[in-house]
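Here is the structure we will look at, set down as structure tokens.
The values are calculated or read from the model by the stated rules, or taken from the named source; none is laboratory data. This is a predicted model, so every value here is computed, not measured. Here the Cβ positions follow ideal geometry from the backbone for every residue, glycine too, while neighbour counts run over all protein chains shown. All accessible areas refer to the heavy atoms of the entire protein, side chains included, with ligands and DNA or RNA removed. Shrake-Rupley method; radii C 1.70, N 1.55, O 1.52, S 1.80 Å.
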Amino acid sequence: MKDLFTPFSYKGLELKNRVVMPPMCQYSVEKKDGIATDWHYVHYVSRAIGGAGLIIIEMTDVEPDGRITDNDLGLWSDEHIAPLKRIVDACHQYGAKVGIQIAHAGRKAEDAPQPVSASAIPFDDKSKTPRELTTAEIEEMVEKFRKATVRAIKAGFDTIELHGAHGYLIHQFQSAYTNKREDEYGQDLTKFGVEIIKAVKEEMPADMPLIMRVSGKEYVEGGYDMEESVAFSKKYEEAGVDIFHVSAGGEGPIAAAGRPGTHVAYQVPLARAFKQELSVPVIAVGRLDSAELANSVIGNEDADLVAVGRGMLRNPYWTIEAAAQLRKETEMPKQYAVAFPKR
């Protein structure tokens, strides 16, 4: 039977365990140039030392005005490549594989002078009203995702994740709640996402899997539910997505949307549904900080990989601590072995 420390392999991605550090924005680029800093280096490399199988670097944006804030990472310039490569190379030294989440915040770009979106609908009454992208601009945006992918490959990443969740630009196009267009991108809500998937796949090595993060359901009146998200994800799978990272919500203010979950493992049913309906691996995420709980998600075949977010923010060494709790064998830094005596 598989468990949290059973190796995972898909295409050319080989992981020593099934623990994923999901992308979590650090808002730490103080120079506002999108370039990774020493903070990012220490932050990610410490999780590699701590035993994570796959580390996905935080939402990294394809243009300056695509950032949530001006303190976010970017991939719109070749200047971004070397600092990211430094992080990737160091993580590899400690046995972790590394991905990067490529994205555009769309109407949720807080610091953009003029945010853009599928339609001119603000996120809430305090947000700027975004400008609706023209058809030509949409085509240019797809190329920006392509170019960011080329840079990510040059930086040595093992996999790439597209952010199609949490109310950011791809999500804004795939949701009838935010997409009121009358052109082809409104008639087919998956068209934008499919075009991005195909563009980035054209640049990726054949054996490099493409991950896509999606919100399995929305938490607004009239928002989509599992039936719709599975349907559009099948189109994304056909276009080239190899692994789905299943989250939820983010398309509307919490006051309007309601809190998507307060109990542990609240999103696991979404991951389970994706695993049952699709033919590719699935990552579960959402309050899976308990080692026993995370292990049960794998053992019960609810998902193929488990992403531990806040737990890994609290403890960079969550993975080796989980191995000790579960009495599983895992690679152990010799410098720390004295703290984890064999039982």
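Structure above, values below:
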item	result
Relative contact order, percent, the range 1-129 [alpha-carbon distance under 8 Å, six or more residues apart]	24
Net charge contributed by nearby residues that have their C-beta within less than 12 Å of VAL264 (K/R +1, D/E -1)	0
Ellipticity estimate at 222 nm from DSSP helix runs (n ≥ 4, -39,500 (n - 2.57)) divided over the chain, nearest 500	-10000 deg cm²/dmol
Shape call, the range 110-157: gyration tensor on alpha carbons, a/c limit 1.5	oblate
The range 64-84 versus the range 176-240: alpha-carbon centroid distance in Å	23
Percent antiparallel among DSSP beta bridges (both partners in the chain, rounded to 5)	10
Where labels lie 7 Å past Cα in the beta-carbon direction, separation of SER279 and LYS342 in nm	4.4
Segment MET24-ASP111, length gained on full extension (0.36 nm per residue, minus Cα span)	29.5 nm
The range 120-136 - phi-based ³J(HN,Hα) in whole Hz, Karplus 6.51/-1.76/1.60, Gly and Pro as x	7, 10, x, 5, 8, 6, 9, 8, 5, 7, x, 8, 5, 5, 7, 4, 5
Whole-Å semi-axes of the ellipsoid equivalent to the range 1-60 (Cα gyration tensor, √5λ, descending)	28, 11, 9
Relative contact order for the chain, counting Cα pairs under 8 Å that sit 6 or more residues apart, in percent	17
Relative contact order [Cα under 8 Å, 6+ residues apart], the range 139-261, whole percent	31
Rounded to whole Hz, the Karplus (6.51, -1.76, 1.60) HN-Hα couplings of the range 184-197, x for glycine and proline	4, 7, x, 6, 10, 5, 9, 4, 4, x, 4, 5, 5, 4
Cα shape, the chain, gyration tensor, a/c 1.5 rule	prolate
Solvent-accessible surface ranking, highest first, for CYS91, CYS25 at 1.4 angstrom	CYS25, CYS91
Accessible area (Å², per residue) of the range 241-343, counting only protein heavy atoms and a probe of 1.4 Å	50
Long-range HN-HN contacts of ILE57 with modeled amide H, under 5 Å	GLY99, ILE100, GLN101
Lysines with Cα under 19 Å of LYS275, excluding same-chain neighbours fewer than 8 positions away	LYS2, LYS11, LYS217, LYS234, LYS235
Phi-based couplings in Hz for the range 199-212 (Karplus 6.51, -1.76, 1.60; Gly and Pro marked x)	5, 6, 5, 5, 9, 7, x, 4, 9, 8, x, 9, 9, 10
